[in-house]
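Q: Sending over a structure as structure tokens; questions will come in a sec.
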Amino acid sequence: MKTLVIGLALLTVQPGFAFTAAPAGAESMEKISKKLSKGLKEGSRLAVLEFPYTDGKSSQGPAVVQERLTTALAGNKKISLIERALLAKVMGELNLQASGAIDEDTAKKLGKLLGADAIVTGTLNDLKEGRTEINARVVDAGSARILTAASATVEKTWKDGGTGPVTGGPVDFGKKPLVQLAILLDTSGSMDGLINQARAQLWKIVNELVGAEKSGSSPMIEVALYEYGNSGLPQDKGYMRQILPFTRDMDKVAQELFALSTNGGDEYAGMAIKSAVKDLAWSKKDDVYKAIFIAGNEPFTQGPVDFREAAGLAKGKGIFVNTVFCGPRQQGIATRWQEGALLADGDFSNIDQSVANTYVAAPQDARIAELGASLGNTTVVRGVRGAARKAEQVSLESKMS
């Protein structure tokens, strides 16, 4: 099989753009993709990489451009595209970062591991007056010879996230590793009967991270909480609200999470993700695990903010987006929940209420339950504040049981 490498640099998209019309720069991207596709044989398999800036600066552009080009190329039924999750895995295994240029040896490795006939890559270069230069080239993987090239200048509509490269080396973050999580829970009426399972699953994730270790040290956990899709919330705010900013008070997080109830409304997942990315005080450190966990059961495409733009915004800041669909797995895939996770290198999972849980009793279960119950009685209460916290704990445990 003859392997090709297509190098190119990109177009522009406005983060959070409502898709009532074609996105900014879409026409230019279509023209570039069509010109480059002319050099491909029918049935070619493509892997689309990110498009970094030539100076390596951090920006939303590389991820947004990658998604836009993927969308443009997907319109060509004569070619097929490699799944992004596989692409990210192979790039990680080869310890590669997108640079816009691929040498002969790297091209051969990527083509072989991905089973790709062509690899799409490139760079961005900002010009004056808000314009971005796009350069494109098709390079033969066997000889590294440029087969075809294309260029364009478009309006820059995305934002930059800093002056340093997106991917840097590990940074020392004091003595304790930091984990930042944003929990986004759908509290619309359609979540009746599902909300308890959803928040129990989200709380389980938080507890697993609390008990994790990195380099022999337990992490410092910060959790933020949002609800969306509740008709009792202002329409102009997208039926959503930030309940808690980042906090290390896990008792407070649990108290607010398990107090949520459902109430009609429209579910705007894209808007919720964008709000969490823009409004929370995310760390700028490279060695911080930053993630959004969003749970719901309606199509991921609803609302004025396109979920692909929101995912690109998150990825530009190094934030993983993990999606939890409350319903059958195939339905979650069909309604784009899996795609939402893949766009920001996150994981997709589902909670299917129709599937019965299997429980096998063990001889020690009764004793463990007894010890767990007695442990709560060992709390020593001091003062009015202590008594109030004890009452909150008892109330919370009753809601969680």
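Q: Compare the peptides 252-262, 272-282 by average per-residue count of other Cβ atoms within 10 angstrom and give them in order, highest first. List each step's numbers first, then the result.
A: On the way: 252-262: 17.9, 272-282: 21.3.
The peptides rank, most packed first, as 272-282, 252-262.
Q: Separate question: Could you tell me whether segment 214-316 comes out rounded, prolate or oblate from its Cα gyration tensor? Rule is a ≥ b ≥ c as square roots of the eigenvalues, rounded for a/c under 1.5, then prolate if a/b exceeds b/c, otherwise oblate.
A: Working: a/c = 2.35, a/b = 1.38, b/c = 1.70.
In terms of gyration-tensor shape, oblate.
Q: Next question, about the same structure. In whole Hz, with x marking every Gly and Pro, tabulate ³J(HN,Hα) for segment 108-117 from phi via Karplus 6.51 cos²θ - 1.76 cosθ + 1.60, θ = phi - 60°.
A: Per residue, the Karplus-derived 3J(HN,Hα) values read 5, 5, 5, x, 5, 6, 8, x, 9, 8 Hz.
Q: Taking R0 as 41 Å, what's the FRET efficiency between Glu208 and Lys41 from their Cβ-Cβ distance, rounded to 0.05? Display every interim value, and only then the final one.
A: Working: r = 47 Å, r/R0 = 1.15.
So, using R0 = 41 Å, E works out to roughly 0.30.
Q: In whole Å, how far is the Cα centre of segment 181-199 from that of segment 310-326?
A: Each part's Cα centre sits 18 Å from the other's.
Q: Another one. Please compute the net charge surrounding Leu225, taking Lys and Arg as +1 and Asp and Glu as -1 over other residues with Cβ under 14 Å from its Cβ. Can you show the working numbers first?
A: Values: positive: Arg199, Arg241, Arg248, Lys252; negative: Asp186, Glu222, Glu227, Asp249, Asp251, Glu256, Asp279.
Net local charge, Leu225 excluded: -3.
Q: Once amide H atoms are placed 1.01 Å from N in the peptide plane, what residues at a sequence separation of 5 or more from Cys326, or on another chain, have their amide H within under 5 Å of its amide H?
A: HN-HN under 5 Å from Cys326: Gly296, Asn297, Ile351.
Q: Once phi is turned into ³J(HN,Hα) by the Karplus curve 6.51 cos²θ - 1.76 cosθ + 1.60 with θ = phi - 60°, what whole-Hz value does each residue of segment 180-189 show in order, with x for glycine and proline?
A: For segment 180-189, the Karplus-derived couplings read 10, 10, 10, 9, 10, 10, 6, 10, 6, x Hz, x marking Gly and Pro.
Q: Continuing with the same structure: Roughly speaking, what is the stretch gain from Ser261 to Glu370, that is 0.36 nm per residue apart minus the C-alpha to C-alpha distance, in nm to one decimal? Could the numbers behind the result be given before it?
A: Numbers: separation 109, 0.36 × 109 = 39.24 nm, distance 3.04 nm.
Gain on extension, Ser261 to Glu370, equals 36.2 nm.
Q: Turning to a different aspect of this structure: By count of other Cβ within 10 Å, fewest leading, how are Met271, Met191 ordered?
A: Details: Met271 24, Met191 27.
In increasing order of surrounding Cβ atoms, one gets Met271, Met191.
Q: So, one more: Which of Thr123, Thr153 has the fewest other C-beta atoms within 10 Å, and how do the rest follow up to the most?
A: Thr153, Thr123
Q: Moving on to the next point. What FRET efficiency, computed as 1/(1 + (r/R0)^6) with R0 = 35 Å and r the Cβ-Cβ distance, is obtained for Lys252 and Glu83, rounded to the nearest 0.05?
A: Numbers: r = 39 Å, r/R0 = 1.12.
In this case the efficiency is close to 0.35.
Q: Moving on. What ranking do Ile82, Ile134 get, fewest neighbouring Cβ atoms within 10 angstrom at the top? Don't skip to the end; give the middle numbers.
A: Numbers: Ile82 21, Ile134 24.
So the residues, fewest neighbours to most, are Ile82, Ile134.
Q: To continue, here is another question. Between segment 51-87 and segment 224-260, how many Å separate their Cα centres?
A: A separation of 33 Å, based on Cα centres.
Q: Set the bar at 24 Å for Cα to Cα. Now go through Lys41/Lys109; Lys284/Lys315; Lys112/Lys315; Lys57/Lys285; Lys57/Lys78; Lys38/Lys159 and name every pair that lies beyond it.
A: Values: Lys41/Lys109 21 Å; Lys284/Lys315 13 Å; Lys112/Lys315 27 Å; Lys57/Lys285 15 Å; Lys57/Lys78 35 Å; Lys38/Lys159 32 Å.
Pairs exceeding the cut-off: Lys112/Lys315; Lys57/Lys78; Lys38/Lys159.
Values in this text are rule-based calculations from the coordinates and carry no lab data. For clarity, every value in this text was computed on a predicted model and none was experimentally measured. Note that each Cβ is placed from the backbone with ideal geometry, even for glycine, and that neighbours are counted across all protein chains shown.
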